[in-house]
Amino acid sequence: MEPVPSLRHTIADDLRTQIATGRLKPGERQPQLSARYKVSTATLRNALALLQAEGLIEKIHGKGNFVRRLLRRLTYEGGVLTPTLPTVHVTVRTAQLHARGTVSALLNVPSRTPLTEYLCLSHEGESPHSLARMYVPRDLARAEVSCHWPKPAELRPRLAEIRERVSARLPTPEEASTLRISSALAVLAITRVSADTAGRVVEAALLVFPGDRPEALFTTHLTTEDRKAEG
């Protein structure tokens, strides 16, 4: 005998069907759902949490729950996001701080080294698209930096190496709130470290994308010696 679905699953299934069939449109607010389904606020919140985890509903603080707009998937390859989207705009906030903890280790500088932080939040339309924090030693930073993808921070030295680490994880509370995603929806996190020709680390970037949006592509170019070894 199959178990009887809970109220939250029944409500989530109904809303999921309405979204899939187009009865509920992207960007449409969902008011008075507790009255429509005649359930408690707690039950409704649990149902919406299921859809938020699936990326179907987004909660905007102070405004309510909305059907999430489906944003185009992007490919991240070699530090570049493609395709470049003219609809994406980026806001940049700059702060002066001192290196510590993970950032100090990534930049390979002593704790308390003066840094400039660039906090870049991109939007596609009104929906948050991606979040990036870029850290640059203060003596290398410029007054104005473009965070538009795929363009990295405009640094003075010539880059010789870019090392990236890609992982999937749950968002921090701040990331979930900023990107308007459920804390149960995984994000793709990319840690990028750039060094100049002298081997000095000149930029550390922490990039975060909702997991249902990007895909990472890696290409390995084999040398003649590699092909001979395979043969």
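Given the criteria more than 21 Å from PRO210 (Cα to Cα) and within 29 Å of the chain's Cα centre (by Cα), does GLN18 qualify?
The answer is yes for GLN18.
Taking strands (runs of 3 or more DSSP E) that fall entirely within the stretch 79-152, which contain at least 2 residues that are modelled with pLDDT under 90, of a type in the set (Val, Ile, Thr) and surrounded by 15 or more Cβ atoms within 10 Å (Cβ to Cβ)?
88-98
Report whether or not VAL39 is assigned to a loop (DSSP other than H, G, I, E, B) and at pLDDT 85 or above.
no
Applying the selection to the stretch 180-218, what residues are among the basic types (Lys, Arg) and outside any loop (DSSP other than H, G, I, E, B)?
Correct list: ARG192 only.
Being surrounded by 11 or more Cβ atoms within 10 Å (Cβ to Cβ) and within 27 Å of PRO171 (Cα to Cα) is the filter here, so list the residues in the stretch 34-52 that pass it.
Answer for the stretch 34-52, where residues must be surrounded by 11 or more Cβ atoms within 10 Å (Cβ to Cβ) and within 27 Å of PRO171 (Cα to Cα): THR43, LEU44, ARG45, ASN46, ALA47, LEU48, ALA49, LEU50, LEU51, GLN52.
Give the residue that is modelled with the lowest pLDDT, with candidates limited to residues of the stretch 153-163 that are part of a strand (DSSP E or B) and out of contact with any Gly (no Cβ under 7 Å at 6 or more places or on another chain).
Looking at residues that are part of a strand (DSSP E or B) and out of contact with any Gly (no Cβ under 7 Å at 6 or more places or on another chain), I get LEU159.
The values are calculated or read from the model by the stated rules, or taken from the named source; none is laboratory data. Predicted, not measured: the structure shown is a model, and the values here were computed from it. Heads up, the Cβs are rebuilt from the backbone with ideal geometry, glycines too, and the neighbour counts pull from every protein chain shown.
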